[in-house]
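Okay, structure first, notes after.
The values are calculated or read from the model by the stated rules, or taken from the named source; none is laboratory data. Just so it is clear, the model here is predicted, and its values are computed rather than measured. Every residue, glycine as well, gets a Cβ built from its backbone with ideal geometry; the counts of neighbours run over all protein chains shown. Side chains are part of the model used for accessible areas, which takes the heavy atoms of the whole protein and leaves out ligands, DNA and RNA. Shrake-Rupley method; radii C 1.70, N 1.55, O 1.52, S 1.80 Å.
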Amino acid sequence: MPAEEEIVVTSPTHRTALLCALAAIAATVAPATPARSAVRVHSAGSASALRFGACPESVPEPPAPERVECGRLGVPLDWNRPRGPRIEIAVSRVRASGAPAERRGILLVNPGGPGGSGLPYAVTKRAKLPVSVRRSYDVIGFDPRGVGQSAPADCGPMGGLFAAPGADPVPVGPTAERAHLASLRNLADDCAAGAGEALRYLSTEQTARDMDAIRAALGERRTNFLGVSYGTYLGAAYAAAFPHRAGRMVLDSVVGPWNWYDFDVIQGRALLRQRDTFFAWTAAHADRFRLGDSAVAVRRAYLRVRDALTADPVGGFGPAEFDRAVYRALGRT
């Protein structure tokens, strides 16, 4: 994105006001979770048995009397070599709350990414579903292979991605552009080195086969599925691979079958349009946020904040961190 398209607020009052506005439109915040121990299950065969027990602390508890339970499913690293090396897939479940006669099967859920942890999603997404769905379906979450609790890939320093404050993600000039491209190459190299030989198997195709193994381990004839963002791509891949086992599907915020770079450009432009909508909304509530009574005035305040954070990061919070906060909020409205 061009430099003038980014964020800023100079005074503490303006910084606080803009952050409050962003908080007002952000969708959800994961609840705090108590410490709990994970359960591991091992067995032989193409896919292992799946038994449930306590969950890791990253998984929140649903409101009583409902409860979440977790287990681990052993699967081949390469489904084309079922007797080769194996990994474990972490699975979570919140059972249907209705009477047995109301039950309609399982609903597998995925938050997208690629790389989003789905283990807590069984709880957080379920809380937003209609009561009739919660009564009828066991909601099943899982960490896709290479993510979270499922044989996670260790990306090490990730090319300095999470250094704080991070480098300005809007490089200006040849030197900054070269440094930005080098950081992206370093990120990819760090992940490739950490994943090693497993990297080629951390794929949509292999994950779709893991999903069918979860279905089989739960003794279900069909997989009902709800996926968001990249989760829509994953759901489509599952339906293509296992058309006779795909049940009801909800694909929300669909990822098209394009080159990933082209898709990210389309998404970036959509976020900029959403940002303009946010500026107009903030201006319409000028008495609350005091950032200006027009979209143009709010945009100027935004840019002043970003410029100030570029010149003087606050507690490790610079332009990169500000951009992450802003665009994460905009992507969830």
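Observations on the structure shown:
- For HIS244, HIS285, the ranking by accessible surface with the largest value first comes to HIS244, HIS285, using a 1.4 Å probe.
- When the chymotrypsin sites (Phe, Trp or Tyr not before Pro) in segment 137-171 are filtered for DSSP coil states and for at most 14 other beta-carbon atoms within 10 Å of their beta-carbon, the remaining sites are PHE162.
- The trypsin sites (Lys or Arg not before Pro) of segment 168-240 that DSSP puts in a loop, and whose beta carbon has at most 16 other beta carbons within 10 Å, are ARG221, ARG222.
- Sites listed here are trypsin sites (Lys or Arg not before Pro) in segment 58-99 whose DSSP assignment is loop and whose Cβ has at most 11 other Cβ atoms within 10 Å: ARG83.
- With the convex hull of its Cα atoms as the shape, segment 246-296 has an orientation-averaged projected area of 5.8 nm².
- When nucleic acids and ligands are ignored and a 1.4 Å probe is applied, CYS155 ends up with an accessible area of around 30 Å².
- Viscosity 1.002 mPa s, temperature 20 °C, Stokes-Einstein D of segment 70-187 from Kirkwood C-alpha radius, µm²/s: 124
- Directionally averaged projected area (convex hull, Cα atoms, segment 155-280), nm²: 11.2
- Cα→Cβ-extended label distance, 7 Å offset, between ARG328 and ASP276, nm: 2.7
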